[in-house]
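Reading through the structure tokens given below for one structure.
The values are calculated or read from the model by the stated rules, or taken from the named source; none is laboratory data. Source: prediction; values computed, not measured. Neighbour counts run over all protein chains shown; Cβ positions are idealised from the backbone, glycine included. Ligands, DNA and RNA are excluded from the accessible area calculation, which covers all protein heavy atoms including side chains. Shrake-Rupley method; radii C 1.70, N 1.55, O 1.52, S 1.80 Å.
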Amino acid sequence: MKAVIMSSAGEPDVLQYVKQPNSSPGPGEALVEVAAAGVNFMDVGVRQGKFWSEMPNPKTLGVEGSGRVLAVGEGVDDIAPGQRVAWIYAPGSYAEKVLMPAASLVPVPDGIDDRIAAAVMMQGLTASHFATNFYPIQAGDVALVHAAAGGVGQLLTQIIKLKGGSVIGRVSNQDKVSAAKEAGADHVIVDSKGDFTEEVMRITEHRGVDVVFDGSGPTTFRGSIESLRRAGTLCWYGPGFGAPEPIDLFSLPKSIKIGYANFGDHIYSRDLLLAKAAELFDWIANGKLTVQIGGIYPLSEASRAHADIESRATTGKLLLIP
């Protein structure tokens with residue numbers, strides 16, 4: 001089979017499309033033929049040497065995708081060969097076939113396309129966690145969503161709207177405004193330097209927003225704090241862009257709350273993974289959630305997909321197709 005590996009950290013050109021030996025599933029494992037693999041900023045961080053440093057090179061990139069089960073190992077009784085499945089975290093997903101714990105797989109309903117299933121897993125479960133567990137959106141809440149034209153941003157905007165909230169979306173350039181509005185953003189701010197607070201306050205009549213969802217790194221951190229109402233909440237994520245400045249707890253204004261959101265806390269059991277994935281698929285099937293695929297690349301062109309996502313010029317989800 002073919003796969004995309006890295007032998008050293010570096011720029012996108014370190015990615016290699018190579019032949020690798022086939023594997024067979026052991027106890028509790030499943031072998032899956034990949035239909036589509038998701039491209040995530042986490043993958044970029046791995047390629048740059050920020051994550052998975054404990055894993056020796058060469059290593060196969062990717063963690064997310066969809067496909068069809070080829071074989072299962074001993075003790076697997078809820079996943080069967082021939083079944084369509086998707087997954088959120090299986091290292092080595094940039095490949096024609098991937099071996100993983102069967103417990104990582106969720107069944108894909110017949111009405112959901114393979115590419116949509118691959119595109120919604122990580123970003124959809126992340127957005128669901130943000131707006132339901134980390135900060136349960138209530139009717140009337142106003143949220144500031146950074147990178148509102150990105151994969152997480154578009155899904156998060158839609159979920160907030162489903163729950164009765166309104167959204168101020170921030171995008172980095174004018175070309176992304178339409179994508180944010182199509183996702184349901186009530187207002188869109190164009191800003192690439194972190195100068196958005198004044199406009200947020202104007203839109204909210206100087207009240208501030210109830211919650212900020214910020215995965216844009218240190219550039220926006222201070223402005224996000226200043227955009228909150230009294231006792232508002234900052235949901236910070238996206239460590240691949242660097243940590244925020246050190247915080248003096250006593251200097252925090254307006255009794256605000258700050259937290260780091262990890263989607264693993266949303267699906268910390270298999271039952272929760274199955275339930276939350278089924279909810280996403282149900283929203284899609286019923287037209288309540290739309291997943292935008294922003295780019296489709298052959299698996300052999302993973303380096304081009306990485307260069308494109310790093311440029312911050314893309315919108316929606318990028319996929320690799322074996």
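Quick look at the values:
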| read-out | value |
| --- | --- |
| So ILE160, is it at pLDDT 95 or above, of a type in the set (Val, Ile, Thr) and more than 26 Å from PRO218 (Cβ to Cβ) | no |
| Given (1) touching a helix residue (DSSP H, G or I) at 6+ places or on another chain (Cβ under 8 Å); (2) under 19 Å from GLY259 (Cβ atoms); (3) not in a helix (DSSP H, G or I), index of the condition GLN138 fails | (1) |
| Identity of the residue in region 93-109, small (Gly, Ala, Ser) and over 17 Å from the mean Cα position of the chain (by Cα), that ends up surrounded by the fewest Cβ atoms within 10 Å (Cβ to Cβ) | ALA103 |
| Scope region 224-233; condition open to solvent by 10 Å² or more (accessible area, probe 1.4 Å) and either outside any helix (DSSP H, G or I) or under 18 Å from ASN173 (Cα atoms) (or both); matching residues | ARG229, ARG230, ALA231, THR233 |
| Within region 280-298, tally of residues that are assigned to a loop (DSSP other than H, G, I, E, B) and touching a residue at least 60 places away in the same chain (Cβ under 8 Å) | 5 |
| Residue in region 205-214 that is farthest from GLY49 (Cα to Cα), counting only those that are assigned to a loop (DSSP other than H, G, I, E, B) and touching a strand residue (DSSP E or B) at 6+ places or on another chain (Cβ under 6 Å) | ARG207 |
| When residues of region 285-322 are limited to those that are of a type in the set (Gly, Ala, Ser), more than 19 Å from VAL46 (Cα to Cα) and surrounded by 17 or more Cβ atoms within 10 Å (Cβ to Cβ), the one nearest to the chain's Cα centre (by Cα) | GLY316 |
| Residue selected from region 242-279 under the condition assigned to a helix (DSSP H, G or I) and without any contact (Cβ under 8 Å) to a residue 60 or more places away in the chain, by the criterion most open to solvent (accessible area, probe 1.4 Å) | PHE250 |
| Conditions (1) open to solvent by 10 Å² or more (accessible area, probe 1.4 Å); (2) part of a helix (DSSP H, G or I); (3) under 22 Å from LEU252 (Cα atoms): number failed by THR220 | (1) |
| Checklist (1) without any contact (Cβ under 8 Å) to a residue 60 or more places away in the chain; (2) of a type in the set (Asp, Glu); (3) open to solvent by less than 60 Å² (accessible area, probe 1.4 Å) applied to GLU74, failing item | (3) |
| Tabulated pairs, region 191-204, first more than 18 Å from ASP141 (Cα to Cα), second part of a helix (DSSP H, G or I) and open to solvent by less than 30 Å² (accessible area, probe 1.4 Å), C-beta under 8 angstrom, 6+ apart or interchain | GLY194/THR220; GLY194/GLY223; ASP195/GLY223; PHE196/THR220; PHE196/GLY223 |
| Residue in region 43-60 that is buried (at least 16 other Cβ atoms within 10 Å of the Cβ) and either closer than 14 Å to ALA118 by Cα or among the polar types (S, T, N, Q) (or both) present | yes |
| Subset of region 141-196 [outside any helix (DSSP H, G or I), surrounded by 21 or more Cβ atoms within 10 Å (Cβ to Cβ) and among the basic types (Lys, Arg)] | ARG170 |
